[in-house]
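I have placed the structure first, in the form of structure tokens, so that the comments after it can refer back to it.
Every read-out reported here was derived from the displayed coordinates using simple, explicitly stated rules and does not represent laboratory data. This is a predicted model, so every value here is computed, not measured. As a convention, Cβ positions derive from the backbone with ideal geometry for all residues, glycine included, and neighbour counts pool all protein chains shown.
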């Protein structure tokens, strides 16, 4: 086999390129943009098949092709892709169903929309496909996170496709909040893993038992596990985050099929599958995953029985199945995963497409308003029967094999065998949940197609081949993989994350126990379906108060609380008051300096004052400057302020004489004179100072901040000038020696300004010009307005 | 020389801070003037002082000992000019504020209108509530442009 590793990144990037293209040419192509999606999906599918086949002949199942380009080498993050069988299985699933959904969309997304909007729809859908393929094939945890969040964002765009509807916007928002927040939490978990083990590469991690042991021994292991599982649970809608998935059903049906049944919600499961070799031996792994998975399995199935919205039923049963796979991972029965996921994708994808056809034809999704459509929609009816029977787990369908295998695995499971009291509880609840799913399947067939037809459904007729053909492919899969069970066994073993699976499924059961459980499931399921009125009454009693929506309400409440807290905080913090801002800035200055001195352990005791080097006129100037400052600060008239501010400026310039700096003396005198004239000019047009009567606490705060700033600066300056910190080296010595030789000037300050720092001075002049223009503009604008 | 100067610089900072916290824009400008004077002094103090030092005029490139460090005055020179420019701009902005709002008290200035911020794109743009009405005169900016949601329906 030739090396096909170079195909790996193309599987991911071809869809992204197609998405950009769809965004660009979608406005002209309109509905036909779907062809792009079909082509991109087909290309990715073909490449995935080539890689998979290549992997079979080559180094074997466990390794897989790797492709690596450094991205952020300093942080050990790279654009790493890996084509192991489990990743390729997901890629095949995503691209394969992508082809079907593309064909279905071509016939589904209406001609009544603007072409540009349809183009945007396809762009988001294709970009979603690309990011999902990225999740499947990414070897680097950070890369996986990036694709993960892109799926959240594209999912948000697609759920909110009917953005005129309030409910669509709300559903999209909730989905984004839950999944994107979960993703962020997950990223923190990845970082913990990366920091502890020193690598972000999944294959490096799973291939090195020492690194795994290091991670598990670390006190951070539980934190990392909890954070990563939070990401997986939110994405796969596990309890208690199960509420967002039914809300997302406002999306167009192709989107629901693709994102919320076949692929995206399985990303969480996929991640858990990836993490099983890493965290599998952590003591919290099995209890947490089995509890959450089982709770989701049972709760989802129960809610599916109660639901009346067609897509809601499918969504809740999807949640249920995801919980089941989660539980399987918890029990470390990883060889089950490919079988169960493939089974679910086939029947649930088919059922979603059927639901879309029915909604399209009957203009309702309420199962109570449907019925008797068998004669009007014969093809859809049979497709629904085939997929629903597979869902119910009736022989000889694929679903039967999967269920049988699940029961077999539960009975033989070592984790469960170690806890005999939990064992029968788990198995019993699984039978109950599967029975509920069975009842749901019966309800779908009988509720939609059999029984009495409501009067307002006379207009219903069979859908176009473009709509039922993709569903037919999935239905065929559900039947064929049931009948051709040796092929199913082979696929399940070669696509599983376990790698060396020895799973053997057959239509002719070898043991009687799983068969008994299957039979029990069917009997119980029929009973639930037959006694659904009684079940409904019981359920009504059960959740009379909870309305079955507690998690959604809690989430909305939390979001409202966060919004309120944010608004209140920013209203206080960004109050718009100049005094508050300046006060905060100056207090922060004091705080930071004091904290810094405290941290490095510098105290007041280290101040050493040199009193010998002092001139009497310098001292006199300081006293005068202090007095002028006091008068300026307390000036009651504008003229008084103008005179004292000039006095302060001139006294400062005289202090420059003390420091032997004639250049700045001249500059200061010049600038101070111009400033005074300017100040007097402007202040003449301003109102006189008013007497202020600040409240005592306000005045006290102002005085406190001012005193703190003054003391801080004084202390800081004295510390700087004390011997331990004093820089004795004359920084400008080099300039002094260079000024005459290189600059040709005796005055070193002048040479620096116009020669050494000429560009700087140039910039300074530019500032003056810009300010001049601004002043002119500000003054002139008024005249024009008037 | 450090002690008296450090004290007076601290005092300038304290008075400047008190001035900028007062509810009068002119006083805020004056406060910043005090700050810039204080900072300039601070820099020159950091350059160090001895009675015997001379101004940095170089007669012989080989004998530079005992001359004042030319770097602080050099930086202060730039700072003086820049703070003059900033102060002038500041003063004119205060004047504009007074012309436009009739007050020199920053606390009496109008706040941002929250209704104006909340309106516009978020609510109407997405919801498509505002129907394009024919009653508006052309050029009236009070009528929001047709949200793109409307065209899409």
(request) Evaluate the relative contact order of the stretch A:126-250 (contact order divided by residue number), counting alpha-carbon pairs under 8 angstrom at least 6 apart; express in whole percent. (result) 28
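How do the peptides B:6-12, A:351-357 rank, highest first, by the average count of neighbouring beta carbon atoms within 10 Å per residue?
A:351-357, B:6-12
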(message) For a quick size check, give me the Cα extents of the stretch A:648-712 along its three principal axes, largest first, whole Å.
(response) 46, 37, 11
(request) Counting other beta carbons within 10 Å of each Cβ, put A:739, B:36 in order, fewest first. (result) B:36, A:739
(request) For the stretch A:234-320, evaluate the Debye formula with one uniform point scatterer on each Cα (no solvent term) and list log10 I(q)/I(0) at q = 0.12, 0.20, 0.25 Å⁻¹, rounded to two decimals. (result) -0.37, -0.90, -1.23
(message) I'd like the per residue volume of the convex hull spanned by the Cα atoms of the stretch A:1-136, given in cubic angstrom.
(response) 99
(message) Using only the Cα atoms of the stretch A:368-455, what are the Rg and Dmax in Å?
(response) 17.2, 58
(message) Cα atoms only: what Rg and Dmax, in Å, come out for the stretch A:284-384?
(response) 16.1, 54
(request) Give, in whole angstrom and from largest to smallest, the semi-axes √(5λ) of the equivalent ellipsoid of the stretch A:530-622, with λ running over the eigenvalues of the Cα gyration tensor. (result) 70, 18, 6
(message) Per q in 0.10 Å⁻¹, report the Debye log10 I(q)/I(0) for the stretch A:668-786, using one uniform scatterer on each alpha carbon and no solvent.
(response) -0.74
(request) Arrange A:217, A:376 by Cβ neighbour counts within 10 Å, fewest through most, would you? (result) A:217, A:376
(message) Return the equivalent ellipsoid semi-axes of the stretch A:554-699 as a descending list in whole Å, where each equals the square root of 5 times an eigenvalue of the C-alpha gyration tensor.
(response) 41, 28, 15
(message) How shielded is A:732-745 by partner chains, expressed as the average number of their Cβ atoms within 10 Å of its Cβ atoms?
(response) 5
(message) Helix-only estimate, please: 222 nm mean residue ellipticity of the protein assembly as shown, summing -39500 (n - 2.57) across DSSP H runs of length 4 or more and dividing by its residues, to the nearest 500.
(response) -23000 deg cm²/dmol
(message) Inside 10 Å of the C-beta atoms of B:89-99, what's the mean count of C-beta atoms belonging to other chains?
(response) 5
(message) Just want to confirm a number: the relative contact order over chain A, from Cα pairs under 8 angstrom separated by 6+ residues, in percent.
(response) 9
(message) Just want to confirm a number: the relative contact order over the stretch A:176-245, from Cα pairs under 8 angstrom separated by 6+ residues, in percent.
(response) 45
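Given the stretch A:70-210, what whole percent of its Cα pairs are spread farther than 23 Å? Could the numbers behind the result be given before it?
Values: 4465 of 9870 pairs.
The proportion of pairs with Cα distances above 23 Å equals 45 percent.
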(request) Would you mind getting the Kirkwood hydrodynamic radius of the stretch A:504-576 from its Cα pairs, rounded to one decimal in Å? (result) 17.6
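Give the average, rounded to an integer, of partner chain Cβ atoms located within 10 angstrom of each Cβ in A:161-171.
Mean partner-chain Cβ count within 10 Å for A:161-171: 2.
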(message) Sort A:306-318, B:81-93 by the packing proxy (mean of other Cβ within 10 Å over each peptide's residues), most packed first.
(response) A:306-318, B:81-93
(request) Restricting things to alpha carbons, tell me how big the stretch A:719-762 is in terms of Rg and Dmax, in Å. (result) 13.6, 38
(message) Could you tell me the ratio Rg/Rh of the stretch A:582-639? Both radii from Cα atoms, Rh via Kirkwood.
(response) 1.15
(request) For the stretch A:158-203, count the residues as N, evaluate 2.2 N^0.38 Å, and divide the Cα radius of gyration by that value, please. (result) 1.73
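Beta carbons within 10 angstrom, averaged per residue: use that to sort the peptides A:221-228, A:409-416, A:89-96, highest first.
A:89-96, A:221-228, A:409-416
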(message) Report D for the stretch B:1-54 in µm² per second (integer): Stokes-Einstein, Kirkwood Rh on Cα pairs, 10 °C, 1.306 mPa s.
(response) 133
(request) Write down the Å³ per residue value for the convex hull defined by the alpha carbon atoms of the stretch A:155-234. (result) 81
(message) Treating only the Cα positions of chain A as identical point scatterers, give the base-10 log of I(q)/I(0) from the Debye formula at each q in 0.06, 0.10 Å⁻¹.
(response) -0.56, -0.98
